[in-house]
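The values are calculated or read from the model by the stated rules, or taken from the named source; none is laboratory data. Please read these numbers as outputs of a predicted model, since none were measured by experiment. Using ideal geometry, Cβ is built from the backbone for each residue, glycine included, and neighbour counts are taken over all protein chains shown.
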Amino acid sequence: MKVDFEKHSQALARFALSLTGRHEFAEDLVQETLLRAIRHRGNGETVIQNPKSWLFTIAVNCWRDQCRRQKRMPATEPLHLVDEAVAATGNTNQTPREHLETVLTTFQELPQRQREVLYLRTVEGFSISEVAEMLGITEGNTKTTLSIARKKLRERCARVGAGEAGR
Amino acid sequence: MTNSDPCQLVELYYDDLLTSEQASGFEEHLSDCQWCKQQLSELQGIDRDIALAWNQVSLPEVSKVDVSLETVPSSVTIRRPAIWQILALSLCLLLAAFWVGNGIVNPERRVARGSSDTSARDPEEPSTTPSIADSVTEDGQTDTPPAFVRARESTAVAPVARTSRFTVYKLIPQIRTSVSEKE
């Protein structure tokens, strides 16, 4: 079995940032995830069907362990887009960049579980069953959480967009 | 979830969770329902925006990872030997300790054991190894060593311990002689 960690490192860093909400925590989480992955890879005879979801599952477990040790969820920080970020969105009240920043900010305000489900489904494109397996929850729970997260995000983005338009 | 209102299936349809029959039925409904079209469009838009935002966010620096499972030996096999290996190693160490303690592989200890057996040694050869005979006093009486010394005599000990033991043997008659001279 061979797992190309380099191939998944960027996706893992992005997922770690979505989990932690802070760059310094995300860096630590990526390192710990990779260390744990190397340590738990066994004797090389273990067959890993999907290395990406395997790494993401380890990252989720690492982050839960860290939160359990610290007995509280660390506060998130505002995330920033890269300088050349542009997007063609359907929102006409804001510039594309502002709209994406609003989406990011609103995303960060969601509860932890909703962030995890929404990220894995929309950004990484995992199926509902894969998300449920990675997070250790039922498919029904995953569907409900995803629906609630989408609804909240749409409502908050619409509220922010309406507020921007009213100024 | 109830299937009586097809508009409630819009998110399940979007997430591809409907059966083929349910999906075809919903598509027929979708062609006539503007609300479902709008919901579907909003779902697509919000998911696209989330993915777009996260793909353009500034990421934390991840140091170069140059590790693959084929190139790095398993830490499990290096750090954790099998139980039978540990048991075999422990048995070897115990046997080695037993042999050394009983003088089987220590020639010096073997000589010390044979010191009481005069038939196995040349009578003209001076004894280089101190024995209980050294504790005989000048007036010819056998100075029987104390109980604790005798107990140690029968105990298999390391050469260092034996040396200190015979030091005790030598000192006891001298002390007793000096006491008798004073008397």
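Across the stretch B:32-55, what is the number of residues that are in a helix (DSSP H, G or I), more than 7 Å from chain A (Cβ to nearest Cβ) and surrounded by fewer than 18 Cβ atoms within 10 Å (Cβ to Cβ)?
9
Run down A:149, A:162, A:85, A:132 and say which single residue is closer than 30 Å to residue A:28 by Cα and modelled with pLDDT under 75.
A:85
Quick check on my filter: what residues within the stretch A:129-153 are touching a Ser or Thr at 6+ places or on another chain (Cβ under 9 Å) and facing chain B (nearest Cβ under 7 Å)?
Passing the criteria: A:150, A:153.
Can you tell me which residue within the stretch A:102-144, out of those that are of a type in the set (Phe, Trp, Tyr) and not in a loop (DSSP other than H, G, I, E, B), is surrounded by the most Cβ atoms within 10 Å (Cβ to Cβ)?
Step by step, filter the stretch A:102-144, then rank; the result is A:107.
Here's a check for you: in the stretch A:98-128, which residue that is polar (S, T, N, Q) and free of Cβ contacts under 8 Å to residues at least 12 places away in the same chain is farthest from the other protein chains (Cβ to nearest Cβ)?
A:127
Give the stretch A:29-68 a look and list any residue that's at pLDDT below 85, surrounded by fewer than 16 Cβ atoms within 10 Å (Cβ to Cβ) and in a helix (DSSP H, G or I), or say none.
Within the stretch A:29-68, just A:39 meets the criteria.
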